[in-house]
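See below for the structure under consideration.
The values are calculated or read from the model by the stated rules, or taken from the named source; none is laboratory data. For clarity, every value in this text was computed on a predicted model and none was experimentally measured. Cβ: placed from backbone, ideal geometry, glycine included. Neighbour counts: every protein chain shown. The protein model used for the area step is the full one, side chains on, heavy atoms only, and it has no ligands, DNA or RNA in it. Shrake-Rupley method; radii C 1.70, N 1.55, O 1.52, S 1.80 Å.
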Amino acid sequence: MQQRSKILLAAAGVLTAVLGVYLIASRPAPSDNEMIDAQTQTLIEGAERHSVSQVMSVVSAEYHDATVSNTDQLNFFLRRVVGQAGPVDVQFFSPIVTIEGDTATSKGHLHAVSAPGGAVLTDQDVTLHWKRETGHRLLVFPTPVWRLTSAEYQAPGLSD
């Protein structure tokens, strides 16, 4: 192969790579509702797969709720409870998403049962609070992401 052919082939390869990165980086972002739905699905899949890291990937560093005061406590709780649980089927029914600027709320009904026996683990209304933060697409390109900042739920062992 001639030197000129090698140079042209290398240039074509570089141009193809640059075009590919540009197309991926410039594609339109999904709507806020689609992003929140996707993050909610990530939470559900993480719980079903017992993947604490997958659940925590959706959680903001500012997370807190009535029983968990920070992400370290949440991580510990998830590793202790979710990591040791058996197979589980989790569903979040009829989420209603309300977006106000850079914050959002999704309200729905959480239903979780143990997969082998069908025992109900939780069956309650849950409110999730979200905040738009900056994430990165392809580890480089800044992009908005919705992260969970708080949740309202009935903690196990507590009554209304």
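Return the residues of region 96-109 that are assigned to a strand (DSSP E or B) and not basic (Lys, Arg); say none if nothing qualifies. Outline the logic, then answer.
Looking only at region 96-109, we keep the residues that are assigned to a strand (DSSP E or B), and these are 96-100, 103-109.
Ile96, Val97, Thr98, Ile99, Glu100, Thr103, Ala104, Thr105, Ser106, Gly108, His109 - these are the residues of region 96-109 that are assigned to a strand (DSSP E or B) and not basic (Lys, Arg).
Of the residues that sit in region 39-58 and are hydroxyl-bearing (Ser, Thr, Tyr) and over 21 Å from His111 (Cβ atoms), which one is most open to solvent (accessible area, probe 1.4 Å)? Reasoning before the result, please.
Of region 39-58, the ones hydroxyl-bearing (Ser, Thr, Tyr) are 40, 42, 51, 53, 57.
Narrowing further to those that are over 21 Å from His111 (Cβ atoms): 53, 57.
Values: Ser53: 81, Ser57: 63 Å².
Among them, the one singled out is Ser53.
Output yes when any residue across region 62-71 is in a loop (DSSP other than H, G, I, E, B), over 30 Å from Ala119 (Cβ atoms), open to solvent by 80 Å² or more (accessible area, probe 1.4 Å) and in contact with a helix residue (DSSP H, G or I) (Cβ under 7 Å, 6 or more places away or on another chain), and no when none is.
The answer is no, given that none of the residues of region 62-71 is in a loop (DSSP other than H, G, I, E, B), over 30 Å from Ala119 (Cβ atoms), open to solvent by 80 Å² or more (accessible area, probe 1.4 Å) and in contact with a helix residue (DSSP H, G or I) (Cβ under 7 Å, 6 or more places away or on another chain).
Run down Ala112, Ala17, Ala11 and say which single residue is farther than 22 Å from Thr149 by Cα, open to solvent by less than 50 Å² (accessible area, probe 1.4 Å) and either touching a helix residue (DSSP H, G or I) at 6+ places or on another chain (Cβ under 9 Å) or not in a loop (DSSP other than H, G, I, E, B) (or both).
Working: Ala112 fails: farther than 22 Å from Thr149 by Cα; Ala17 fails: open to solvent by less than 50 Å² (accessible area, probe 1.4 Å).
Result of the check over Ala112, Ala17, Ala11: Ala11.
Among the listed residues Leu74, Leu43, Leu23, which satisfies the condition of being part of a helix (DSSP H, G or I) and modelled with pLDDT under 90?
On the way: Leu74 fails: modelled with pLDDT under 90; Leu43 fails: modelled with pLDDT under 90.
None of the other options fit; the residue is Leu23.
When residues of region 46-61 are filtered for being outside any loop (DSSP other than H, G, I, E, B) and either closer than 19 Å to Ala115 by Cα or not hydroxyl-bearing (Ser, Thr, Tyr) (or both), how many remain?
Applying the first criterion (outside any loop (DSSP other than H, G, I, E, B)) to region 46-61 yields 46-48, 52-56, 59.
Still in the list and also either closer than 19 Å to Ala115 by Cα or not hydroxyl-bearing (Ser, Thr, Tyr) (or both): 46-48, 52, 54-56, 59.
So the count comes out to 8.
Can you tell me which residue is modelled with the lowest pLDDT among those in region 78-87 that are part of a helix (DSSP H, G or I) and farther than 20 Å from Trp130 by Cβ?
Val81
Kindly indicate the residue of region 26-38 that is open to solvent by less than 90 Å² (accessible area, probe 1.4 Å) and in a helix (DSSP H, G or I) and also nearest to Leu148 (Cα to Cα) among those meeting that condition. Break it down into steps so the answer makes sense when it comes.
Within region 26-38, the first condition is being open to solvent by less than 90 Å² (accessible area, probe 1.4 Å), and the residues that meet it are 26, 29-33, 35-38.
Next, only the ones that are in a helix (DSSP H, G or I) stay: 26, 32-33, 35-38.
Numbers: Ser26: 26, Asp32: 14, Asn33: 14, Met35: 12, Ile36: 9, Asp37: 12, Ala38: 12 Å.
Out of the qualifying residues, it is Ile36.
Out of the residues in region 134-158 that are outside any strand (DSSP E or B) and in contact with a strand residue (DSSP E or B) (Cβ under 8 Å, 6 or more places away or on another chain), state the one that is surrounded by the fewest Cβ atoms within 10 Å (Cβ to Cβ).
Initial filter on region 134-158 (outside any strand (DSSP E or B)): 138-140, 153-158.
Applying the additional criterion that residues be in contact with a strand residue (DSSP E or B) (Cβ under 8 Å, 6 or more places away or on another chain) yields 153-154, 156.
Working: Tyr153: 16, Gln154: 15, Pro156: 9.
Among residues in region 134-158 that are outside any strand (DSSP E or B) and in contact with a strand residue (DSSP E or B) (Cβ under 8 Å, 6 or more places away or on another chain), the one surrounded by the fewest Cβ atoms within 10 Å (Cβ to Cβ) is Pro156.
Determine whether Lys131 is in a strand (DSSP E or B), free of Cβ contacts under 8 Å to residues at least 40 places away in the same chain and among the basic types (Lys, Arg).
Details: in a strand (DSSP E or B): yes; free of Cβ contacts under 8 Å to residues at least 40 places away in the same chain: no; among the basic types (Lys, Arg): yes.
The answer is no for Lys131.
Is there any pair linking a residue in region 25-36 that is under 17 Å from Ala104 (Cα atoms) and touching a residue at least 60 places away in the same chain (Cβ under 8 Å) to one that is open to solvent by less than 60 Å² (accessible area, probe 1.4 Å) and among the small types (Gly, Ala, Ser), with Cβ under 9 Å and at least six apart or on different chains, and which?
So the pair list comes out as Asp32/Ala104; Asn33/Ala104; Met35/Ala29; Ile36/Ala104; Ile36/Ser106.
In region 72-85, what residues are aliphatic (A, V, I, L, M) and open to solvent by 30 Å² or more (accessible area, probe 1.4 Å)? First the steps, then the outcome.
Pass one, region 72-85, residues aliphatic (A, V, I, L, M): 74, 78, 81-82, 85.
Residues satisfying the conditions are Val81, Val82, Ala85.
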